[in-house]
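To keep things clear, I will list the structure first and then write my remarks on it.
The values are calculated or read from the model by the stated rules, or taken from the named source; none is laboratory data. Note that the coordinates shown come from a computational prediction; the quantities given were computed from them, not determined experimentally. Counting neighbours? That spans all protein chains shown, and the Cβs are built from the backbone with ideal geometry, glycine included. Surface areas here come from the heavy atoms of the whole protein model, side chains and all, with no ligands, DNA or RNA. Shrake-Rupley method; radii C 1.70, N 1.55, O 1.52, S 1.80 Å.
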Amino acid sequence: MREADRGHTRWGIVLPFLALPVVVLGVLIIGLFLWAWSDDDGTGGDGRAGAAASVPCTEALAFGAAERPANARAHDCTVQRGIDTSYSAVLRMPREDVRDWLRETYPNAPEPRTGGGVCGALCLDVTHEDGLPGTAEAHVVQVRVEYENAETARVRFSAFTM
């Protein structure tokens, strides 16, 4: 063996092949951490998964095949999208008009329940099996009515898929 070849190994050839997987793995790990800490997570820019976004009240009501009564004020209309879609709206309207609006909107639904507690003054749960019109995109509509005073009702409308 020559003196110049002494101590010379084949690491000069093998080292680049061993370093390549380490570099690729390092880049993947760094990319994963940067992706996890990024602001773009597909939630609409606010960083919260399934966060509610404001929508026009006509859109929220239409999802459940409803229209705003002429004598009602609609507000706080939102949508949440995730695995399922959920729209909600709050209506303020004359107490005396609530039952008529529900009958006109869901003529094939059961009569609203009364009973207080979680239900409030009136409750109505409607599905396609028990009276939800075929034009509804929602699978379920829930209406919860609370009487604010002798003349005004607050109607909480929810329409969602399952």
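If you take the beta carbon distance between Asp97 and Arg156 as r and set R0 to 22 Å, what does 1/(1 + (r/R0)^6) give as a FRET efficiency, to the nearest 0.05?
Efficiency computed from Cβ-Cβ geometry: 0.90.
In whole percent, how big is the carbon plus sulfur part of the accessible area of segment 73-114, probe 1.4 Å, protein atoms only? If you can, show how the numbers build up before the last one.
Details: 1080 of 2520 Å².
The computed percentage sits at 43.
Check Val140: other-chain or 5+ apart residues with amide H under 5 Å from its amide H, H built from backbone geometry?
Distant-sequence amide H within range of Val140: Phe160.
Counting alpha carbon pairs within less than 8 Å and at least 6 residues apart, what relative contact order, in whole percent, applies to segment 115-162?
It rounds to 34 percent for segment 115-162.
Calculate the FRET efficiency for Phe33 and Asp84 from the Cβ-Cβ distance with a Förster distance of 35 Å, rounded to the nearest 0.05.
In this case the efficiency is close to 0.70.
If the viscosity is 1.002 mPa s and the temperature 20 °C, what translational diffusion coefficient in µm²/s does Stokes-Einstein give for segment 88-128 when Rh comes from Kirkwood over Cα pairs?
Diffusion coefficient, whole number: 191 µm²/s.
Along the positive direction of the dipole of segment 52-99 (beta-carbon charges: Lys, Arg +1; Asp, Glu -1; about the Cα centre), which of Leu61, Gly82, Val98 reaches farthest?
Farthest along the dipole direction, towards plus: Val98.
Ignoring ligands, DNA and RNA, how do Phe63, Phe160 rank by accessible area with a 1.4 Å probe, largest first?
Phe160, Phe63
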